[in-house]
Amino acid sequence: MEEDVAKALAYQVKRDLAERYFSARRVIEEDTENYFRKVEEVKKKFIPKLEEAFGRLYLLLHQDKEFINRFLQITGLKEAYFQEKEPSLESLSGFHLRGFTSKGRYKNLFLDCYEKLCETLKEYHKTLEDLKVEAEVINHEIEIFKEKYNLSEIMHFLKSLDSSSEYADLGQTSLDESTAKLEKKMEFKKITPPEELLPDIPLLPPLKEVQKELTSLAKEAFGRYREKSQAILDYVKTHS
């Protein structure tokens, strides 16, 4: 009778422990799955926007390496992001021309495109910050899980509950080896932060801080490629 009660209690303890263990695992697995799903959603939403926003500026600089390098120096960017993507005139559809001269309208168009890029980057950074916090929370959950559910301790505890259980057939060395393999197989990997999964592009200086330098750059681009620049203005005029 006492042996039956002991077995029943041992069974209930093991069942409760297993339920808590796998319930905690499931929460982390679901949170992790949702996190990586959001990363993919951000990638689909923002990468095309950023490619287009950078592409407009490269187009207005006529993809001239000298002008692009000066743009990088003015803004503090370390590289010309998405430069390999061929920019298209269609990306300028919806913009409006402002100014009395062609050079002035071209300069204003360039500044408007710069501001649009700044806005897109601010939105992108806000989303990255939210993802970064989410990754940190999941990593914290993982650390708590590891502290609370030490698999080696659990296995030895289960073995101690019932000497006639399946664990009793394992010697100490065999149990440790089996546990080590199981721990490695079921170990949670630290969540990769979003800046390592998505382009880590810094914010740009506000227009008011670099307006003089950008104005000079846009006017030089217009003057060096006058015919191409005028063709761009003509396109924007008819597609505003």
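Structural remarks
- Among the residues listed as TYR124, TYR81, the single one being outside any helix (DSSP H, G or I), within 24 Å of the chain's Cα centre (by Cα) and touching a residue at least 60 places away in the same chain (Cβ under 8 Å): TYR81
- Test: PHE22 is at pLDDT below 95, part of a helix (DSSP H, G or I) and open to solvent by 60 Å² or more (accessible area, probe 1.4 Å): yes
- Meets criteria (within 22 Å of ASN108 (Cα to Cα) and loosely packed, with under 12 Cβ neighbours inside 10 Å) for LYS44: no
- So LYS85, is it within 22 Å of ALA221 (Cβ to Cβ) and open to solvent by 50 Å² or more (accessible area, probe 1.4 Å): yes
- Residue in region 172-191 that is at pLDDT 60 or above, open to solvent by less than 30 Å² (accessible area, probe 1.4 Å) and assigned to a helix (DSSP H, G or I) present: no
- Options GLU51, GLU90, GLU79: the member that is farther than 22 Å from LYS212 by Cβ, among the charged types (D, E, K, R) and touching a Leu at 6+ places or on another chain (Cβ under 8 Å): GLU79
- Residue selection: GLU143 satisfies the criterion of being of a type in the set (D, E, K, R), assigned to a helix (DSSP H, G or I) and modelled with pLDDT under 95.
- Condition check for PHE36: open to solvent by 70 Å² or more (accessible area, probe 1.4 Å), under 19 Å from the mean Cα position of the chain (by Cα) and modelled with pLDDT of 95 or more: yes
- Count of residues meeting criterion [surrounded by 13 or more Cβ atoms within 10 Å (Cβ to Cβ), touching a residue at least 24 places away in the same chain (Cβ under 8 Å) and small (Gly, Ala, Ser)] in region 88-107: 2
The values are calculated or read from the model by the stated rules, or taken from the named source; none is laboratory data. Please read these numbers as outputs of a predicted model, since none were measured by experiment. Cβ atoms come from the backbone with ideal geometry, glycine included; neighbour counts cover every protein chain shown. Only protein heavy atoms, including side chains, enter the accessible area calculation; ligands, DNA and RNA are left aside. Shrake-Rupley method; radii C 1.70, N 1.55, O 1.52, S 1.80 Å.
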